[in-house]
Every structure is written in C-alpha cells, then in structure tokens.
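Colleague: Attaching a single structure in structure tokens format; questions to follow.
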Amino acid sequence: MSAAPSSILEVRDLVTAFDTDAGRMTAVDGICFEVPRGKTFGIVGESGCGKSVTAFSITRLLPQPHGKILGGSIHFEGRDLASLPLEEMQKVRGNDISMIFQEPMTALNPVQTVGRQLAEAILLHTQCSKADVLARSIDMMQKVRIPAPEQRLNEYPHQLSGGMRQRVMIAMALINKPKLLIADEPTTALDVTVQAQILELIADLQKEMGMSVVLITHDLGVIAQVCDEVAVMYAGRIVERAGVHELFATPRHAYTQGLLDSIPRIDSVPKTKLKAIQGNVPGIADFKPGCRFGERSGRLHTEAHLNTRPPFVEISPGHWVENCPICVA
C-alpha cells in the first residue's frame, strides 16, 4: 500500500502488545492507515477493539513497562515515532502531536489550577515570560469559548462542569498549535447538546490552524458528521477502511454492516426491534488467528477461515477490507 505524499501520519503494520501474568497479549495486530494533511480520520469500533491502544502507540504513552510496540512503523512527517529516542519523542508529544483524553476529570490534575496546567503545557516546549504565558492562556481559553477566562484560569478542575473541563483539555492540547490532534472519545461523557458544541469547536479550530485530526469514537453518527475517512476496527485489526461517504454507501465487511444496521433510524416502522450484533468483542486472550468476527457474524465459518488471517486488500480505489470470503460477500 503506497501512501500519498500529502499524508502527515503513516502507520504501517503496527503491532502493540502487553506483557501480563498470562503471557504476552497482542492488542493491536498489524494495522495500516494514513492521515492526510488537514483532514479528519476516524477510527470506529466497539469498546475493546484496540482504538485507544492505537492512539497511545502513536503518542508513545503505553503503560510501562508492560506496553510494547513489537513491530511496524509510525511515520510522522518522515520520522518513525516507534523508534524515536524518548527525549526526542517528548519534544514531539504536546507540541507537534497533541491528544485529548477520554475523561477530562482524570486527565487534569485535581490539585493544580487550570492556569497552572496551561502554563506547564506552554513552558515544556517554549521559553516565555509570565506575561506571554498569561496572554497565550487567555487567548486559547477564548478560542475554546470559555467565558470569563481570567477567572477560570484561577479555578480547579472540580469547579468546572464536564463540558468546561473538556474545553480546558482542548485548550491544553492546542495551545502549542500542533500539526496533528488525536481525540480519544472526546464527547463520551457529555450530554448531546454539549457533544455537538465540542465537535463543532474542534472542527472550527482545525480549519483555523490547518491541523489534521484522528478522531476515535464508537459513534458512527459522529463519524458521519465530521470525518473525511474512516477505519473500522475489530479485535485489534482494521477490517475496513474507506472514505466516509463510500463506507456508509457501500459497506463490504459484515462487521461494518452490523454497526450500521444497529444505528436507530427515525424513519423505521413503529415498534421495529433495534438490530444488534450478537455477543461481545472477544478478550485479547481469545483472539483468533484468522477471521475474528466469524463467530459473531451469524455466517458459517470453517476452521480454516478462523485460523487463517484474511488479506487486507483494496477492493476499489481507496476502499480497503480484510477480505474474509464469508464476511465479505
């Protein structure tokens, strides 16, 4: 798979594993994708599919010493982050690549003011006077639409609402004007109206700064709303990858079709039962070497299908799929 020169991030055959008491478990198993400059790339799938582990692999924030990148490459503007020395990676993280975490209450330091945490994000990468730090902090707070920014800078995370804490996280992530933003379930803990505001805010700031975005979510509605391309993950692998319009119009893998069928429809017949994918995502210890969705697909798979990894092939321009002959009809 040749990557377009316009891609800011190129992930190739990434393998990430964790050492446990039961042995080494592979959580991300040979995935490939590219993130075009200035575009939004979505990664979607159920909980436990490896989406967040992919994000932590890119930023080299895997829990240590258990988390390990065992293979593949993560090229960001020509540099392989997977093999970059830790000191160099620390210069990249928070400066060229930033991340918004799932739960702002746990990501923010509860015993430091918002202003101090924003200042730390600035001073880690640039030398500034106190006046410059304050000016940049207030400017960023205004950009993420936090009212009375001077007052909020002196407050602690517990004094803010969930939506405000998420805006503070966005401000911290963007205060050094990164080229790539990774947003890991940025709206999960928020109500619907605040979700829409946060997504609109990220989209507006993306246009203003010209940055690329990797958006991780389990919500296909969010994917349809903001993404240009999308990868569907299941059990540590990407099973389908395409432009968002192509994926929604012609989903090819049974798992993608199952996710789309499970979306509630306002035009459905009254009292129609909501469709659901039976069963659960298998635990890492139960991952099959072959088609991992086979046992949940409702389609008859032989032992050969479950034990032989399907090839990841391009079935039409820009549309890739893990080509299990049973799941891809």
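The values are calculated or read from the model by the stated rules, or taken from the named source; none is laboratory data. Source: prediction; values computed, not measured. Reconstructed Cβ throughout: ideal geometry from the backbone, glycine too, with neighbour counts over all protein chains shown.
Rundown of residues vs (1) more than 21 Å from GLN195 (Cα to Cα); (2) in contact with an Asp or Glu (Cβ under 8 Å, 6 or more places away or on another chain), yes/no style:
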site: PHE101; (1), (2): no, yes
site: ALA107; (1), (2): no, no
site: PRO110; (1), (2): yes, no
site: GLN117; (1), (2): yes, no
site: LEU123; (1), (2): yes, no
site: THR126; (1), (2): yes, no
site: SER137; (1), (2): yes, no
site: LEU160; (1), (2): no, no
site: ALA171; (1), (2): no, no
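Colleague: Something else about it: Between a residue in the range 194-223 that is farther than 15 Å from ALA55 by Cβ and any residue that is of a type in the set (Asp, Glu) and at pLDDT below 90, which pairs come within a Cβ distance under 9 Å, given they are 6 or more apart or on different chains?
Modeller: Close Cβ pairs (under 9 Å, with a partner that is of a type in the set (Asp, Glu) and at pLDDT below 90) amount to GLN195/ASP219; ASP219/GLU185.
Colleague: Has the range 82-93 got at least one residue that is modelled with pLDDT under 95, under 14 Å from ALA173 (Cα atoms) and either within 19 Å of the chain's Cα centre (by Cα) or buried (at least 19 other Cβ atoms within 10 Å of the Cβ) (or both)?
Modeller: yes
Colleague: Filter the range 184-196 down to the residues that are of a type in the set (Val, Ile, Thr) and part of a loop (DSSP other than H, G, I, E, B), then identify the one that is modelled with the highest pLDDT.
Modeller: Selected residue: THR187.
Colleague: Just to check your reading of the model, which residue among LEU181, LEU199, LEU205 is outside any loop (DSSP other than H, G, I, E, B) and touching a strand residue (DSSP E or B) at 6+ places or on another chain (Cβ under 7 Å)?
Modeller: LEU181
Colleague: Turning to a different aspect of this structure: Suppose the filter is closer than 15 Å to SER212 by Cα and either modelled with pLDDT of 95 or more or not assigned by TED's automatic domain parsing to the domain that holds SER262 (or both); does GLU34 pass it?
Modeller: So GLU34 fits the description; yes.
Colleague: Which ranges mark the helices (runs of 4 or more DSSP H) fully within the range 42-160 that have 3 or more residues being β-branched (Val, Ile, Thr) and touching a Leu at 6+ places or on another chain (Cβ under 9 Å)?
Modeller: It comes to 51-58.
Colleague: Quick one: LEU61 ticks every box in (1) surrounded by 17 or more Cβ atoms within 10 Å (Cβ to Cβ); (2) in contact with a Lys or Arg (Cβ under 9 Å, 6 or more places away or on another chain) except a single one, so which number is it?
Modeller: (1)
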